[in-house]
Amino acid sequence: MTGEQPQGEPPPPAPIDFNDPSIFTRALPPARLQEYLIAAGFDRKRAAALYVWDVRVAQEFHMPLHVAEIVIRNALDATFRRLFGDTWPNAPQFVALLDEQRRTDLTQARQRLATQRKPRDDTDRIVAILPFGFWSGMLAPAYGRPIWFASIRATFPDLPFGRSMKSVNAHIQGINTLRNRIYHHKPLIGRDISLHHTQIVQAVGWVSAEIASWLRHHSKVPELIRQRP
């Protein structure tokens, strides 16, 4: 009879409901979903929607984090070039200032360049390959006297007066922590992501108010925050 399923053949797959977020979250281990279940009052459907929303927020943060990392590292690079010369990563007076982690960051950057068969001592390549943790670490209060007391205003022209090196360092370290959290696929749920976004824009604004305004205009994070399930 027309329309009957031939014997021995499996039934056709059910149509996919692309608006059902649980299609993905069913593949998650219970521990991964637990935080979302709590936030959703143990409503599994809403927890699944929160998870997918969280992933989308993390995706949208890539653009402001990208802008912040490029702007901040280039500002610090310009300062280091002015103080220690264009080859500052190899300048003895610069290297002598560094703590163990910053030395390790430089060593690892050179090793990666060597593995890629690229010049190990090319400043531009080193700047591009250094992790953001290097740059945030270079703003630690320990570098205040040898570098920042005389250079902070040139590096961050629009930094509000009265900001201490400790608070600047904490601000940038907070951005680095968020960056690492997102890049390691850790949940953003339960965090003040609106504040995180504001802090990123603020830090960019310390270097350039114009770029901060451009970033604020183009970032989709605030819009997505308002769409939370």
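Going by the structure shown, is K186 of a type in the set (K, R), surrounded by fewer than 18 Cβ atoms within 10 Å (Cβ to Cβ), within 30 Å of L37 (Cα to Cα) and at pLDDT below 95?
Judged against the criteria, K186 is a match.
Which residue is nearest to V204 (Cα to Cα), if the candidates are limited to region 22-70 and must be surrounded by 15 or more Cβ atoms within 10 Å (Cβ to Cβ) and among the aromatic types (F, W, Y)? The qualifying residue nearest to V204 (Cα to Cα) is F61.
Screening the candidates L37, L50 for the property of being within 26 Å of the chain's Cα centre (by Cα) and modelled with pLDDT of 90 or more yields one hit, L50.
Which pairs have Cβ atoms under 9 Å, sit 6 or more apart or on different chains, and link a residue in region 110-138 that is in contact (Cβ under 8 Å) with a residue 60 or more places away in the chain and in a loop (DSSP other than H, G, I, E, B) to one that is among the β-branched types (V, I, T) and surrounded by 13 or more Cβ atoms within 10 Å (Cβ to Cβ)? Hits for this filter: M138/I147. For first residues located in region 162-181 and free of Cβ contacts under 8 Å to residues at least 60 places away in the same chain and over 16 Å from I147 (Cα atoms), partners that are acidic (D, E) and in a helix (DSSP H, G or I) and lie 6+ apart or on another chain with Cβ distances below 9 Å form the pairs N176/E69. Here the condition is being surrounded by fewer than 19 Cβ atoms within 10 Å (Cβ to Cβ) and of a type in the set (D, E, K, R); of R73, R163, it holds for R163 alone. Among the residues making up region 139-152, those that are assigned to a helix (DSSP H, G or I) and under 17 Å from R82 (Cα atoms) are Y143, G144, R145, P146, I147, W148, I152.
Given the residues L83, L76, L178, which is the only one that is touching a His at 6+ places or on another chain (Cβ under 7 Å) and at pLDDT 95 or above? Answer to the check: L178. Selection of first residues in region 215-226 that are farther than 20 Å from R191 by Cα and touching a residue at least 40 places away in the same chain (Cβ under 8 Å) and of second residues that are surrounded by 17 or more Cβ atoms within 10 Å (Cβ to Cβ) and not polar (S, T, N, Q), restricted to Cβ pairs under 6 Å at least 6 apart or on distinct chains, gives the following pairs, ordered by first then second residue: L215/P64; L215/V67; L215/V201; L215/V204.
The values are calculated or read from the model by the stated rules, or taken from the named source; none is laboratory data. If you're wondering where the values come from, they're calculated on a predicted model, not measured in any experiment. Neighbour counts run over all protein chains shown; Cβ positions are idealised from the backbone, glycine included.
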